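S.K.: Sharing a structure with you now.
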Amino acid sequence: MGSSTENSAFFPTRNPWDTGRVPGGSSGGSAAAVSAGAAPFALGTDTGGSIRQPASFCGVTGLKPTYGRVSRYGLVAYASSLDQVGPIARDAADCALILQSIAGHDSRDATSLPDAVPDYSAALTGDISGLRLGVPSEYFAEGMDAGVRAAVTAAIDQLAALGAEIREVSLPTTQYALACYYIIAPSECSANLARYDGVKYGYSHQGDGDMWEAMERTRQHGFGPEVKRRIMLGAFALSSGYYDAYYHKAQQVRTLIRQDFAHVFEEVDALAAPVSPVVAFPIGERTDDPVRMYLVDVYTLPVNMAGLPAMSVPCGFSNGLPVGLQLIGPHLSEDRLLNIAHTYQQATEWHRERPGI
Amino acid sequence: MDTQYETVIGLEVHVQLRTHSKMFCSCGADYQLMPPNTRVCPVCLALPGTLPVVNSRAVEDAIKIGLALNCKVAETTKFDRKNYAYPDLMKGYQISQYDVPICYDGYMDLPGDPSSRIGIERVHMEEDVARLIHIPGQDGEAGHTLMDVNRAGVPLMEVVSRPDLRTTDQVEAYISNLQMIIRYIDVGTANMEEGSFRCDANVSIRPAGSTKLGAKVEIKNMNRIRAVTRALEYEIARQTEDVKAGNRVVQETRGWDDEVGVTVSQRSKEDAHDYRYFPEPDLPPLRIGASLVDHIRSELPELPALRKDRFQQSWGLPEYDAALLTSSRTTADYFEQVVRSVGAMAKGEMSAFAKETANWLNGEMARHMNNDGTTNVFDTRIRPENLAVLVGRFGRRELNNAGAKQVFGEMYRSGADADDVIEQQGLQQVSDTSELDPVADEVIQANPSAVRDYLGGKKTAVRFLVGQVMKATRALEAEPLMKELFEYRFTEGNGLAGHSFGNLFIAAMSGVTGNFEQAVSESSRVLKVTGRIVPSTLWTFG
């Protein structure tokens, strides 16, 4: 968990572009492997940005499908209503191939969508003329890294040059997504991780004392600090007396976020925005300040709240570090997003850049 | 019971469903006799990455139960996670239903007491937990616990009553009626001893006439109906004593200790679980269409209370018989097939036939089924039409009691037709005297001391003689006639002793037929004597 892959059970992963920096998270390992050429593609899971953000930090292409597009059966559950598996690869065409293999209905996942899977590769026409592309003003707020702003803006101009019609739009609920996420995800997480008690399988800390003490020790040593933080947050948010004020309220806000996007997608076909306000930061820079860590995800979180598909597409560099362009579409518009990314990648070279490693 | 205080009781019953699969995975739900941990899969074992999928049959069964309890069925319902830690709870949470149960707002009229309508608050769906088997330590060693996960995930329906019960008699009636309904609609075995029907009770007391609810105590661990009534009686007495002593009843959970006969405090309010309920994100809400509900409603069998009434009215059965018959749906179905298989009869005859059929089903059939553990009368070898034949013959006294039971037993064992068995075993009752008398005489000849006893005033000796005749003819029931015949012989009594058998016989025959002339002609016929019979001569048997 977390936005930097510093919370790994093994050891922190390093960004191939600068090994003193984080690769992003939580699927930072996948992104780094693809970026470094160690693997042609990898799978990641995106609950609040965990495919898009590391893809952006590592200069690779990543896609988070519509919630329910890819089965969650077999995926260790973190936040059940947000998790989605998706591809991380060198370009959109590869992502299309991988998505084709993993998308589709699964009878073992009751949240899996029954909709037919289109031919994603066939959707890569390279033509986006007439595409109505929205640019949400809330995603270009103060405090954004200047280099990130420049790269993303240039990418949007490039898309305009390729035939897209750019429109300014507004998503007023954007500012609530962070708080909303950090109530809902930890709540679901606190229940999903309850099974890891060392009784049935997995890590089990032996020692003296009774069954309860053994369970406590197992969880004390088996979970890292960020995971524990989220479990505690979640248990608190769900507890009697607080449920209404936190979890219930967060779910209501979530509905507003969904409605916000639905409203905007009546006017535009897709949205273009940054993936993150920053580029890869130094290892250890944000580990002492969880909230500061959480802030790197402000632009990716709303997408998970609404269950929408989104991509991260390499679009430039800031101080030598990759910047990702985020493309967001309505439900089940993966084919459209892949085509936008593919078209962009036919006209640009950012995705071909390789770290010196 | 104390008249100063009124008891208020509510019951929470967990009913295990007898579905093919578990509630959220496709493992077999028939865990009872399976070797441990053989009815498991990654989902019910809660392995990482697994997800639940709803068993639609279980949902239909829940609706069935709700409809049988006069509940409303929710148009939209959902599951919730009930979070707590215990080794037998595989996921660390139980998938249950919190605020939108599938059925709600129903009632049950207690049988035999129509003014007692017990409200049903809700019926909701959840999953059972694994079984823990505690092995005590030996020689001072610590014990250990084994876990059998077969039961984890088996569908459970929780039926919650309103606190409308007032007496332990009502509680007993509620429990047995609910069990009967569950079995009638064929969703479960509803057996407390097997664990497919579990009761928890909430009990409080309040001053008689008050409408405010007192602090309630939850009682758990009552494993038989008897335990429920005993536990409630104890608890009511305990609370009453407490209040009379000026204390307040503590709201808590108490466990019933059947051996000692007391309830013991388990958890106080402070330690009460906070289940942190939230909607189950892995299962989308269910929309229940009106057409599905209508379909299920139309397939509900006639429920026991109505059926009992109908049996009393249509077949003229006494209430006791009707109640016993209708307590099992299959037995009631069978009964109806038996009575419908005979042709038209006069109403009085039909009534007698129905009563006789009820006797056989509630009596011999039940006894045989009990002996070999058969629970469904249709699984026995006796077809309804076949039983009808036996009942007919018995009703017309073509068989005596013992004979009929013997025939029944053979039919039960081999499935043979009634008539075949009767014929094979020569159990045809001989109702006319012609075949009986030679035998009767032989018996009298052979047992002079019994005859002397009878004549000497020991009336019961006639039974022995009758029994000997019966044995000799293998006619298992003509008893009334035989007995009549013999009694008549000797009771005409004092003064007849010493008279020839023939005179005694004629005297008896006169009594039986009503006049002397008829007695003579009947005797001739009966004894196959060809010549004229002269009363005073010695008889010889021809």
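Derivation of every value follows stated rules applied to the coordinates shown; laboratory data play no part. Owing to the predicted nature of the structure, the values given are computational and were not obtained by experimental measurement. Virtual Cβ from ideal backbone geometry, glycine too; neighbours counted across all protein chains shown.
S.K.: Would you mind calculating the gained length between B:Asn70 and B:Val262 on full extension (0.36 nm times residue separation, minus the Cα-Cα distance), in nm to one decimal?
M.R.: 65.6 nm
S.K.: Still on this structure, please answer the following. Can you tell me which of A:238-244, B:287-293, A:194-200 comes out highest on packing, and rank the rest after it, using the mean Cβ neighbours within 10 Å?
M.R.: Peptide ranking by packing, descending: A:194-200, A:238-244, B:287-293.
S.K.: Take every residue in peptide A:69-79, count the Cβ atoms of other chains within 10 Å of its Cβ, and give the average of those counts.
M.R.: 3
S.K.: Taking 45 Å as R0, compute the FRET efficiency from the Cβ-Cβ separation of B:Ala346 and B:Thr167 and round it to 0.05.
M.R.: 0.50
S.K.: Mind giving me the nanometre distance, one decimal, between the label points for A:Arg132 and A:His263, set 7 Å out from Cα along Cα→Cβ?
M.R.: Modelled inter-label distance: 1.6 nm.
S.K.: Then there is this: Residues of region B:168-210 with backbone nitrogen within less than 12 Å of a virtual label 7 Å along the Cα-to-Cβ line of B:His14, please, listed as ranges.
M.R.: Output list for this probe position: B:195-200.
S.K.: State, to one decimal in nm, how far the label point of B:Glu241 lies from the label point of A:Ser8, with both points 7 Å from Cα in the Cβ direction.
M.R.: 6.7 nm
S.K.: Helix A:225-238: angle to the longest alpha-carbon principal axis of chain A, degrees 0 to 90, nearest 10?
M.R.: 80 degrees
S.K.: To the nearest whole number, what is the average tally of beta carbon atoms from other chains within 10 Å of the beta carbons of peptide B:283-291?
M.R.: 1
S.K.: What does the extension gain come out to for B:Ile135 and B:Gln32, with contour length at 0.36 nm per residue minus their alpha carbon separation?
M.R.: 35.1 nm
S.K.: If you don't mind, another one. Can you give the extra length, in nm with one decimal, that the chain gains between A:Lys249 and A:Ser101 once fully stretched, where that is 0.36 nm per residue apart less the Cα-Cα distance?
M.R.: Here the answer is 49.5 nm.
S.K.: Report ³J(HN,Hα) in whole Hz for each residue of region A:166-174, in order, from the Karplus equation J = 6.51 cos²θ - 1.76 cosθ + 1.60 where θ = phi - 60°; Gly and Pro get x.
M.R.: 8, 9, 7, 10, 10, 10, x, 7, 3
S.K.: Cα centroid distance between region B:134-164 and region A:68-84, in Å?
M.R.: 31 Å
S.K.: Okay, moving on. Could you tell me which residue out of B:Thr77, B:Val293, A:Thr66 lies farthest along the dipole of the protein assembly as shown toward its positive end? Charges go on the beta carbon: Lys and Arg +1, Asp and Glu -1, centred on the Cα centre.
M.R.: B:Val293
S.K.: While we're here: Provide B:Ile296, B:Ile182, B:Ile422 in ascending order of the number of other Cβ atoms located within 10 Å of each residue's Cβ, fewest first.
M.R.: B:Ile296, B:Ile422, B:Ile182
S.K.: Can you give me the long-range amide H partners of A:Leu308? Hydrogens built in the peptide plane at 1.01 Å from N, cutoff under 5 Å, separation of 5 or more residues or another chain.
M.R.: Amide H neighbours of A:Leu308: A:Tyr67.
S.K.: Assigning unit charges at the beta carbon (Lys, Arg +1; Asp, Glu -1) and nothing else, what dipole magnitude in debye, to the nearest 20, does the protein assembly as shown show about its Cα centre?
M.R.: In debye, rounded to 20, the protein assembly as shown gives about 640.
S.K.: Per DSSP H run of n ≥ 4, the term is -39500 (n - 2.57); total these for chain A, divide by its residue number, and report the mean residue ellipticity at 222 nm rounded to 500 deg cm²/dmol.
M.R.: Roughly -10500 deg cm²/dmol at 222 nm, from the helical runs in chain A.
S.K.: Work out the mean other chain Cβ neighbour count within 10 Å for the residues of A:198-209 and drop it here as an integer.
M.R.: 2
S.K.: Here's another thing I want to ask about it. Based only on other Cβ atoms within 10 Å, what is the fewest-to-most ordering of A:Phe265, B:Phe464?
M.R.: Listing A:Phe265, B:Phe464 from fewest to most nearby Cβ atoms yields B:Phe464, A:Phe265.
S.K.: Relative to a virtual label point 7 Å from the Cα of B:Gln251 in the Cα→beta-carbon direction, which members of region B:1-21 show backbone nitrogen distances below 18 Å?
M.R.: B:8-12
S.K.: Given the pairs B:Lys64/B:Lys405; B:Lys64/B:Lys347; A:Lys228/B:Lys22; A:Lys64/B:Lys78, which span a C-alpha to C-alpha distance of over 31 angstrom in this model?
M.R.: B:Lys64/B:Lys405; B:Lys64/B:Lys347; A:Lys228/B:Lys22
S.K.: Arrange B:Asp372, B:Asp441, B:Asp139, B:Asp80 by Cβ neighbour counts within 10 Å, fewest through most, would you?
M.R.: So the residues, fewest neighbours to most, are B:Asp139, B:Asp372, B:Asp441, B:Asp80.
S.K.: From the gyration tensor of the Cα coordinates in the protein assembly as shown, what semi-axes in whole Å does the equivalent ellipsoid have, largest first, with each one equal to sqrt(5λ)?
M.R.: Each semi-axis is the square root of five times an eigenvalue, giving 84, 30, 24 Å.
S.K.: Hey, what angle do you get for helix A:334-347 against the long axis of chain A, alpha-carbon based, 0 to 90 degrees rounded to 10?
M.R.: Once rounded, one gets 50 degrees.
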